[in-house]
Each structure stands twice: as C-alpha cells, then as structure tokens.
Amino acid sequence: MTGPIRVVLAGASGRTGREVGKAILESPDMELVGAIGHRQAGKSVDAIWPGVKSEIIITRELPLCDYPAILVDFTEPGSAFQRVLEAAAQGWHVVIGTTGFTADQIDMMARQVADHGVGGALIANFSLGAWLLERLVKEAAQYFTDAELVEAHHPHKRDRPSGTAKRIASTLASSWGKPDDEIPVHAMRLPGMVAHQAVIFGAPGQILTVRHDVHDRSAYTTGALQAIRHIDRFPGRLIQDLGELVEH
Ligand SMILES: NC(=O)c1ccc[n+]([C@@H]2O[C@H](COP(=O)([O-])OP(=O)(O)OC[C@H]3O[C@@H](n4cnc5c(N)ncnc54)[C@H](OP(=O)(O)O)[C@@H]3O)[C@@H](O)[C@H]2O)c1
C-alpha cells in the first residue's frame, strides 16, 4: 500500500472506538476516511471527540470510497457481522475488535475473507497485557491441572462472559484436552470496573493467579494500530491471535 493507510472506523462514538480513533488521527501513516455509528449518525467526528479536528460525518452504512480502505470495527456483533461481510466483498481488509459473535458468524467471516483474498483480524483483546496473560496461562497449564477464570467488566458490556475469557478458557481446555465448557468462568458486571481478567490455578498447598487489568481504554490502541499496519500481510486469513500481528 502506498500513501497513508485509509481507515473507516465503525463505533467511532463508542468508548473504545473513540480511543482507537484518536490514536489513528495521531498516526502519521494513517488517515481516517470514514466513521460509522448508529444513534450519533449525522454528527461530525469533532462534535463527539472533544479537542479533535475532523469534519468526517458519522454514517450508518459503509461510506462509498473509490479506493480500498480498512474497516476497523468496535460496535456490536449484529451490525458488525453484516458490515464485515460487505467490506470484505468490496476488497477491504477488516480489523474487528467487536466481541460476542456466534461460532457460525465467525466461520462465515473467515470464509468471506478467504473468498475475497483480503486480510482479516478478529481480536478479542487488543491490549498487549492480555496477549501476554494468554501466553503465561499456556505456560502455567503445562504444570497445573486445575484453574478457574474470573472476569469483571463495566455494567454496559453486553456479552458475558467476555470474548477474552472465552478465548483463555479455550486455550486452557485445549492444553488439557477438555471441552471448553469444562473450564469454569465467573463473570461480574459492576460500576467502577473497566476490563479485568484473572486465571487462578490451584494445586495442593498453593495457588497461582495470573491477572490483567485495564483501567483506561487507551490500553487497546497499540495492538489495534499494529493490526491496521500489518493486516495486508495476511491475505485470505482471519487471524485471531494478536501475537501474529505484533510479532510479524
Ligand atoms: N477487542 C478489544 O480489544 C476490545 C476492547 C474493548 C471493547 N471491545 C468490544 O468492542 C465493542 C464496543 O465496545 P464499547 O465498550 O466501545 O461499546 P459502546 O461504548 O457501547 O460503543 C458502541 C459503538 O457501536 C456503535 N453502534 C451500536 N449499534 C450500531 C449499529 N447498529 N450500527 C453501527 N454502529 C453501531 C455505537 O454508535 P452510536 O453511539 O452512534 O449509537 C457506538 O459507537 C464491544 O463488542 C466490546 O466487547 C473490544
């Protein structure tokens, strides 16, 4: 790709989209060319991101562009699913942060990305700390045989348990050759929480807790920007491991 990487951001008015959007505007190698939302459609981006200069108007649909862009999505799974299929069909790479998709929806998005030869990333958690947590959990699973997960989020989070907790439970289950639903996951939704995950390993006489806390959604920006920068290196694949994008 020559010139700046053009990005259309869905969820621009959301808690996470706002942070990622501001990071995109501050990145000299990227250009924000579109913003998608629902209730805030019709407003300009600078009306909802205080202190930012941008005249982009939030739309409900993918904007018409006569050049390829990257769709970055932090919304909700129903609309995101359709948008991802549509963006891939018009040759756009897709970087998806939205969580809560069904297994069938994920399969269909993976097929769409493969059929159209575009790069896709479906990353449940873009924070580097959560990615490291998963690596540490894999390591610990070689020495412990019992663990439970506790995840806590703000009360507005719709999916439960979180995509990150489901992914970690699946990592543990495959390390131990068990079905995913045999790993207990406890989910809390409380004011004052942002995004917290803990994996508690137990063995006679000891416990090991591996834990990650997000206090501020800027935690997601580094991983999201890395995904945007490198997604074109993975044509036809829907990557679900942030490691592939940060360790390219
Ligand atoms: N992968 C990660 O690292 C990561 C990190 C944090 C959150 N997430 C996920 O990202 C998603 C958003 O989380 P959030 O906390 O930022 O949510 P949020 O604050 O509620 O924001 C939701 C955003 O989605 C937009 N939206 C809702 N329905 C829509 C529709 N039908 N069409 C187009 N846009 C629509 C909203 O637009 P309006 O305001 O205009 O209605 C808003 O911009 C969730 O799935 C969450 O789990 C992922």
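Scanning residues 5 or more positions from T75 or on other chains, those with amide H under 5 Å from its amide H are T98, with H placed 1.01 Å from N in the peptide plane. Which of H156, H93, H215 moves the most in a Gaussian network model of the chain with Cα springs under 10 Å? Sorting by GNM fluctuation, first place goes to H156.
When DSSP beta bridges are restricted to pairs lying wholly in region 128-215, around 75% turn out antiparallel. Between R15 and A89, the contour length at 0.36 nm per residue exceeds the Cα-Cα span by 23.8 nm. Only protein heavy atoms count here; under a 1.4 Å probe, W131 has an accessible surface of about 40 Å². Within a straight-line Cα-Cα reach of under 23 Å, K53 can be paired with the following lysines, leaving aside sequence neighbours fewer than 8 residues apart in one chain: K22, K43. Scalar couplings 3J(HN,Hα) for region 20-34, obtained by applying the Karplus form with A = 6.51, B = -1.76, C = 1.60 to θ = phi - 60°, are 5, x, 5, 5, 5, 4, 7, 8, x, 8, 10, 9, 7, 10, x Hz; x denotes Gly and Pro.
Among DSSP bridges having both ends in the chain, what percentage is antiparallel? Round to the nearest 5.
On the way: 18 of 44 bridges.
Just about 40 percent of them are antiparallel.
For M30, the residues 5 or more places off, or on other chains, whose built amide H falls under 5 Å of its own are I5. A simple spin-label model places the labels of I207 and D115 4.8 nm from each other, with each point 7 Å out along Cα-to-Cβ. Could you calculate the FRET efficiency of L190 with K53 from 1/(1 + (r/R0)^6), where r is the beta carbon distance between them and R0 is 22 Å, rounded to 0.05? My answer for the efficiency is 0.05. Computed from Cα positions, the angle between helix 163-176 and the longest principal axis of the chain comes to roughly 40 degrees.
The values are calculated or read from the model by the stated rules, or taken from the named source; none is laboratory data. Given the structure is predicted, the values throughout are model-derived calculations rather than measurements. Cβ coordinates were reconstructed from backbone atoms using ideal geometry, including for glycine residues, and neighbour counts include every protein chain displayed. When the accessible area is computed, the model is the full protein with side chains, heavy atoms only, and any ligands, DNA or RNA have been set aside. Shrake-Rupley method; radii C 1.70, N 1.55, O 1.52, S 1.80 Å.
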